[in-house]
Amino acid sequence: MLRISVLRLLGRPGTSGVSLLEYISSRHYSSGPLGARDDIRGARAFFTTPIFYVNAAPHIGHLYSALLADALCRHRRLRVPSAAATRFSTGTDEHGLKIQQAAAAAGLAPTELCDRVSAQFRQLFREAGISSTDFIRTTETRHRIAVQHFWGLLKARGLLYKGLYEGWYCASEECFLPEAKVTRQSDSSGDSCHVSLESGHPVSWTKEENYIFRLSQFREPLQRWLRGDPQAIAPEPFHRAVLQWLEEELPDLSVSRKSSHLHWGIPVPGDDSQTIYVWLDALVNYLTVIGYPNAEFKSWWPTTSHIIGKDILKFHAIYWPALLLGAGMSPPHRIYVHSHWTVCGQKMSKSLGNVVDPRTCLDRYTVDGFRYFLLRQGVPNWDCDYYDEKVVKLLDSELADALGGLLNRCTAKRINPSGTYPVFCTTCFPSEPGLVGPSVRAQAEDYALVNAVATLPRQVADHYDNFQIYKALEAVSSCVRQTNGFVQRHAPWRLNWESPVDAPWLGTVLHVALECLRVFGTLLQPVTPSLADKLLSRLGVSATERGLGELCFLPRFYGHPCPFEGRRLGPETGLLFPRLDQSRAWLVKAHRT
Ligand code: MSP
């Protein structure tokens, strides 16, 4: 029979703190895309990844979290190019019972384990092109100062009290679990033990005197925040899920542990017998990196977008906003949530031995290839399954064949012997569809292509805003296919540069296709930075012509001059993305073994 977990809060709950919540007024949370908060935020944007536990080496799920944030941040930089306008933080979460136990199991001092694994994350992110502007480790002094300051504020506002807290603690998830989320299981030696229903990790009954945060006071303010800002958490099903959780009782939260039990952490200011709860410690990292408690943080905080996995939604969408409100700050501007990667249908885990090493993947598929795969196939709303053949198939068809093939078709010497961006002929392709005349060659489908590519940057931006990066890539890929169709339809290889009848149309077909490629290259920069650079360089697009502000598609069609017309193409003629299935002996081998 399962024991009923009871939270006995022996401290005397007070009432102070509620007045702080007046901060929440509907005025602060306008729901429109250009609401008051956007005005306050101005050009700045601050993106964060979760900070990663250092109990084990990074896997592809961790890389995915970081890549989503990187792509959002890079896309933002294309919109607002000023280097000072964007900040992007990542780092490692190094305190807590989980790390303390992992270090003990490995026979290492916690600092040794943290140094080793934190360096692996840093190295992986450098190799994967994660363009963060800060890498924080929670063991840094700047962070201890920020956490203790934050604690002091909560204390001063009467939001912490001492009480007896008891329940099932899961070290792996670093949280107490309600009775309903705990089950009994037999371990390998046949003994019965209690485990987390969701993760299967062991839990232990813990009863301690701790500091407790008056979380229960924040239920209504959190509801008001989320109802007043329907875009606060995206995609929408996660927003709805949090509101659903808030329908239930919201018990107060234990925010410290006895130091005799947990020594690896930040001491409670003025009470060395207690260590600050690792989640409170970890969440404050988002403030540390913007200079908290120095006033500088104030201009960045309202611009914050957190990128997180679904497993840590409760911590970011309930505990964190409540702690922030308690400390007199606003909740985060946006919380973008993604789902998980499974491997061949199973959850990735050390015990199953199916953890996919991201560095091997970057080597096999190239940095751009693997970035493209994860972001093109990763769907935030539900879990995605990983297997090697899927990567090869996708990259060969979309990057090597469709995009690389298109570039090759328009720049190869036999088709484009002058090696330039050819001239667009307005009489062959008049801006008004349906015109007839001896030199008009454009057909209805060609106008559909121009329209699709002209609206693509807006569509892509909308998908980024809604945290649907895979849809942005799907839209680009669909336009690449349409452009290949355009080239196929007009078969420039059958037209002759020497013929006065063919030449203007041949130039126009290549011009349109190169303009499409310029748009694709520009829009792919956040996802495949090197490949996009190669593509744009091949087209002769300079570094100052690659922002979204400058992206004016096919200006000649709309009666404007085109700065690229007549320009020499770049000298690099190699393959844009070599096919993988010719060089995948490793894959066949991996299957045989
Ligand atoms: N340390 C906490 C976060 C603290 S943030 C203040 C933590 N760390 S974690 O290393 O376990 O997870 C970091 C991120 O990786 C989370 O966003 C999590 O969802 C993500 N992923 C972990 N496994 C994953 C997959 N299998 N697939 C996709 N993302 C996954 O939680």
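Tell me, please, whether a residue that is part of a helix (DSSP H, G or I) and small (Gly, Ala, Ser) can be found in the range 497-504. Break it down stepwise before answering.
Going through the range 497-504, the residues part of a helix (DSSP H, G or I) turn out to be 502-504.
From what's left, small (Gly, Ala, Ser): 503.
The answer is yes; a qualifying residue exists.
Looking at ASP281 and the list (1) surrounded by 14 or more Cβ atoms within 10 Å (Cβ to Cβ); (2) touching a Lys or Arg at 6+ places or on another chain (Cβ under 8 Å), which single condition is not satisfied?
Failing condition for ASP281: (2).
Can you give me the number of residues within the range 77-107 that are under 17 Å from TYR286 (Cβ atoms) and touching a Ser or Thr at 6+ places or on another chain (Cβ under 7 Å)?
Here the count works out to 8.
Among LEU531, LEU539, LEU510, LEU514, which is farther than 17 Å from SER418 by Cβ and either touching a Cys at 6+ places or on another chain (Cβ under 7 Å) or modelled with pLDDT of 95 or more (or both)? So that I can check it myself, show each step before the final result.
On the way: LEU539 fails: farther than 17 Å from SER418 by Cβ; LEU510 fails: farther than 17 Å from SER418 by Cβ; LEU514 fails: farther than 17 Å from SER418 by Cβ.
Just a single option satisfies the conditions, and that option is LEU531.
Residue check: is THR111 surrounded by 19 or more Cβ atoms within 10 Å (Cβ to Cβ) and either touching a Pro at 6+ places or on another chain (Cβ under 8 Å) or without any contact (Cβ under 8 Å) to a residue 60 or more places away in the chain (or both)? Working first, answer last.
Values: surrounded by 19 or more Cβ atoms within 10 Å (Cβ to Cβ): no; either touching a Pro at 6+ places or on another chain (Cβ under 8 Å) or without any contact (Cβ under 8 Å) to a residue 60 or more places away in the chain (or both): yes.
Against the criterion (surrounded by 19 or more Cβ atoms within 10 Å (Cβ to Cβ) and either touching a Pro at 6+ places or on another chain (Cβ under 8 Å) or without any contact (Cβ under 8 Å) to a residue 60 or more places away in the chain (or both)), THR111 does not qualify.
Does GLU474 meet the test of being out of contact with any Gly (no Cβ under 9 Å at 6 or more places or on another chain) and free of Cβ contacts under 8 Å to residues at least 12 places away in the same chain? I'd like the intermediate steps shown before the answer.
On the way: out of contact with any Gly (no Cβ under 9 Å at 6 or more places or on another chain): yes; free of Cβ contacts under 8 Å to residues at least 12 places away in the same chain: no.
No: the conditions fail for GLU474.
Each row is one residue, and each column tells you yes or no for (1) without any contact (Cβ under 8 Å) to a residue 12 or more places away in the chain; (2) within 30 Å of ALA234 (Cβ to Cβ); (3) under 32 Å from the mean Cα position of the chain (by Cα).
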{"site": "LEU407", "(1), (2), (3)": "no, no, yes"}
{"site": "SER418", "(1), (2), (3)": "yes, no, no"}
{"site": "PHE429", "(1), (2), (3)": "no, no, no"}
{"site": "GLY434", "(1), (2), (3)": "yes, no, no"}
{"site": "GLN459", "(1), (2), (3)": "no, yes, yes"}
{"site": "GLN488", "(1), (2), (3)": "yes, no, no"}
{"site": "PRO500", "(1), (2), (3)": "yes, no, no"}
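Residues checked against (1) surrounded by fewer than 18 Cβ atoms within 10 Å (Cβ to Cβ); (2) within 21 Å of PRO331 (Cβ to Cβ); (3) small (Gly, Ala, Ser):
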| site | (1), (2), (3) |
| --- | --- |
| TRP151 | no, yes, no |
| LEU159 | no, yes, no |
| GLY167 | no, no, yes |
| CYS170 | no, no, no |
| ARG184 | yes, no, no |
| GLY190 | yes, no, yes |
| SER196 | no, no, yes |
| GLU209 | yes, no, no |
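Which of the numbered conditions does ARG414 fail, given that it passes all the others? Conditions: (1) away from the ligand (no atom under 16 Å from the Cβ); (2) in a helix (DSSP H, G or I); (3) not acidic (Asp, Glu).
Evaluating ARG414 over (1) away from the ligand (no atom under 16 Å from the Cβ); (2) in a helix (DSSP H, G or I); (3) not acidic (Asp, Glu) leaves (2) as the failure.
Please work out if SER172 is of a type in the set (Gly, Ala, Ser) and in contact with a His (Cβ under 6 Å, 6 or more places away or on another chain).
On the way: of a type in the set (Gly, Ala, Ser): yes; in contact with a His (Cβ under 6 Å, 6 or more places away or on another chain): yes.
Yes; evaluated as a whole, the condition is true for this residue.
For the range 55-78, what are the residues that are closer than 28 Å to GLN100 by Cα and either more than 14 Å from the ligand (Cβ to nearest atom) or within 8 Å of the chain's Cα centre (by Cα) (or both)? Walk me through it before giving the result.
Initially, the range 55-78 is screened for residues closer than 28 Å to GLN100 by Cα, giving 55-66.
Passing the criteria: TYR64, SER65, ALA66.
Taking the range 542-580, which residues are polar (S, T, N, Q) and part of a loop (DSSP other than H, G, I, E, B)?
The initial filter retains those residues of the range 542-580 that are polar (S, T, N, Q), namely 542, 544, 573.
Answer for the range 542-580, where residues must be polar (S, T, N, Q) and part of a loop (DSSP other than H, G, I, E, B): SER542, THR573.
The values are calculated or read from the model by the stated rules, or taken from the named source; none is laboratory data. If you're wondering where the values come from, they're calculated on a predicted model, not measured in any experiment. Cβ coordinates were reconstructed from backbone atoms using ideal geometry, including for glycine residues, and neighbour counts include every protein chain displayed.
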